[in-house]
Amino acid sequence: MTDDGTAATRLILCEPQDVVASWIRDGLEALGLGTVLVTSEELCGAERWEHRVASSGTSFEVRLADGRVLDGRRIGGVLNRLVGIPLTYLARAEETEREYVEQEWRALLASALAGLSRRGVPVVEPPHPYAVSGRWRSPVEWSILASRAGLPVQSWAWSDGLPAAQVLPQPTSSVLVIGRRVIAGGPIGRPIRDSCGRLARLANRIMLEVQFGTEEAGPITFAGVALMPDPRSKGEAALEALTVVLGR
């Protein structure tokens, strides 16, 4: 609920062709969670952005071209699936200014959503200064974190102080972490599920898909992560977990 007693809205931010985001929106609505989906193109094409930063906190209000208004005071949770500024809008800038435009876009989103987080509004996942959808890591960095979390990780060689190319197994199964809920598919036991939860916490991710494969019919091995998970295969369990992290 908002300060004036009205129901808070959950906001999904995504790219125009994100069918997974549409599935999540429909599922949350069916579970009674009022949800609004807004694409990157709609954000860029908004009639007005008003973002205020003060010592007392931040606020924002966005009037979209279709008349909808996004008022930060009425948002109860955010699922962030944005990738970047739409190329159609970026192309309008001078070529030498496009990197600056991207940086300003990330800064605006990061500030607006960070303001919600400071007020206790859950944001899954908050933008990072170098990536709209959260911190980017290389495959080797993910392998190191996975090893620290206790997952079976393929070894790799180092040359001249740098990691050599790592050939990960083809993913054949996965574990979906949403907050404190760990949802597994296939023959994945409790120790692996627990380690997946630790990996998400080490990476400071609220939602993370951890992928596994096998090497020549050997034991299950870490095969990477998906930062934009597709929870459709996990069905109702994934939707219920999302209602929890989005502050039902």
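Below is a table of values for the structure above.
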{"read-out": "Probe 1.4 Å, protein heavy atoms only - accessible area per residue of the chain in square angstrom", "value": "53 Å²"}
{"read-out": "³J(HN,Hα) computed for each position of segment 33-38 - Karplus, 6.51 cos²θ - 1.76 cosθ + 1.60, integer Hz, glycine/proline x", "value": "9, x, 9, 10, 9, 10"}
{"read-out": "V225 long-range amide H proximity, modeled H, under 5 Å", "value": "Q211"}
{"read-out": "Percent carbon-and-sulfur accessible area, segment 35-172, ignoring ligands, DNA and RNA, probe 1.4 Å", "value": "52 percent"}
{"read-out": "Compactness index (Cα Rg / 2.2 N^0.38 Å), segment 190-248", "value": "1.26"}
{"read-out": "Helix 235-245 axis, angle to the chain major axis (alpha carbon atoms, nearest 10°)", "value": "60 degrees"}
{"read-out": "Within a Gaussian network of the chain (alpha carbon springs, distance under 10 Å), most fluctuating of Q17, Q154, Q170", "value": "Q17"}
{"read-out": "Descending semi-axes in whole angstrom, ellipsoid equivalent of segment 53-98, from the Cα gyration tensor", "value": "26, 16, 13"}
{"read-out": "Kirkwood Rh and Cα Rg combined as Rg/Rh, segment 1-142", "value": "0.97"}
{"read-out": "Size of electric dipole in the chain: Cβ of Lys, Arg +1 and of Asp, Glu -1, about Cα centre, debye, nearest 20", "value": "1020 debye"}
{"read-out": "J(HN,Hα) series, segment 174-181, from Karplus relation 6.51 cos²θ - 1.76 cosθ + 1.60, nearest Hz, glycine and proline x", "value": "8, 10, 9, 9, 10, x, 8, 8"}
{"read-out": "Tail fraction, Cα-Cα pairs, segment 93-140, threshold 18 Å, whole percent", "value": "40 percent"}
{"read-out": "Amide H contacts under 5 Å for I12, placed H, 5+ residues apart", "value": "V36, L37, V38, L79"}
{"read-out": "Equivalent ellipsoid semi-axes, segment 1-61, via Cα gyration tensor eigenvalues times 5, rooted, Å", "value": "24, 19, 8"}
{"read-out": "C-alpha long axis of helix 190-202 to longest principal axis of the chain, angle in °", "value": "50 degrees"}
{"read-out": "Rounded to whole Å, sorted largest first: equivalent-ellipsoid semi-axes of segment 67-202, Cα gyration tensor", "value": "33, 24, 13"}
{"read-out": "Extension gain (nm, one decimal) between L87 and R73, 0.36 nm per residue minus Cα-Cα", "value": "2.0 nm"}
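The values are calculated or read from the model by the stated rules, or taken from the named source; none is laboratory data. Fair warning: this is a prediction, and the values are worked out from it, not measured in the lab. FYI the Cβ positions are ideal-geometry reconstructions off the backbone, even for glycines, and counts take in every protein chain you see. Heads up: the accessible areas ignore ligands, DNA and RNA and are worked out on the full protein's heavy atoms, side chains in. Shrake-Rupley method; radii C 1.70, N 1.55, O 1.52, S 1.80 Å.
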